[in-house]
Amino acid sequence: MEDFILIRPSEKYAEQIFEYKKEFIEAGDSMDGTGALRRIEDPMEYIRICCDYEDPEKVPENRVPATQFIYLRKSDDRIVGMLQVRHRFNDYLEKYAGHIGYSVRPSERRKGYAKAMLKEALDFCRELGIEKVLITCDEDNIGSEKTILSGGGVYKSTVYDEEEKVNIKRFWIEL
Ligand SMILES: CC(C)(COP(=O)(O)OP(=O)(O)OC[C@H]1O[C@@H](n2cnc3c(N)ncnc32)[C@H](O)[C@@H]1OP(=O)(O)O)[C@@H](O)C(=O)NCCC(=O)NCCS
């Protein structure tokens, strides 16, 4: 496989992150694992927010520390995926969203990128000292379920998200 790297977003990639966002909006798709990207319009503000989330002193109230990543293909310096690792749970994360959220841009799917990106994210979770990682997906999200299973996910339960009106499958990965 080609060479890829999972890194934190920086100014250099701010504009490209917004191209990533645009691709999801045009496809009418869900930009999971991108943190505040949906609601932010200024690329530099997005980078600042990502930095703040990693700092327990600056993380917004009712939120938990989290690390944002972009998954870069080195050959053309293109962002192919984005992923967020939440360092611990609040009630919502424990029940519905889990430790890790991710997405691969619509034009780069079905190339194994989600599986590869998740593998690297699990190494980062190990570094954080997390022993069991919770990852969830909508019941009908076959691509995400297969990604989770490839990372060693073991099905635990299905819960109904009243707000989104979907069944969510919960999987644990022992590190
Ligand atoms: C889910 C998602 C991350 C998968 O990304 P991807 O890079 O295409 O996934 P991969 O190429 O690594 O494929 C993983 C596995 O799922 C399968 N797969 C991927 N998309 C699929 C689809 N739409 N239907 C059926 N199977 C699919 C692949 O064939 C592969 O299976 P394998 O292990 O048997 O080979 C991507 O579709 C996406 O970003 N979706 C929108 C956001 C989202 O749903 N994020 C997950 C939130 S829980």
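Structure above, values below:
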{"item": "Under DSSP loop assignment and at most 11 Cβ neighbours within 10 Å, longest GluC sites (Glu not before Pro)-free interval of the chain", "result": "62-130"}
{"item": "Which of Phe89, Phe69 has the fewest Cβ neighbours within 10 Å, and the rest in rising order", "result": "Phe89, Phe69"}
{"item": "For Arg86, Arg110, Arg48, order by how many other beta-carbon atoms lie within 10 Å, fewest first", "result": "Arg110, Arg48, Arg86"}
{"item": "Fewest-first sequence of Asp91, Asp52 by Cβ atoms within 10 Å of each Cβ", "result": "Asp91, Asp52"}
{"item": "Against the rule of thumb 2.2 N^0.38 Å, how large the Cα Rg of the stretch 74-127 comes out", "result": "1.28"}
{"item": "Residue of Ile17, Ile79, Ile40 that the Gaussian network model of the chain assigns the largest fluctuation, springs spanning Cα pairs under 10 Å", "result": "Ile40"}
{"item": "Cα-based Kirkwood hydrodynamic radius, the chain, one decimal, Å", "result": "16.4 Å"}
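Any read-out appearing in this document is the output of simple, stated calculations on the displayed coordinates, not a laboratory observation. Keep in mind that what you see is a predicted model, and the values were worked out from it rather than measured. Methodologically, a virtual Cβ is constructed for each residue, glycine included, from the backbone with ideal geometry; neighbour enumeration extends over all protein chains shown.
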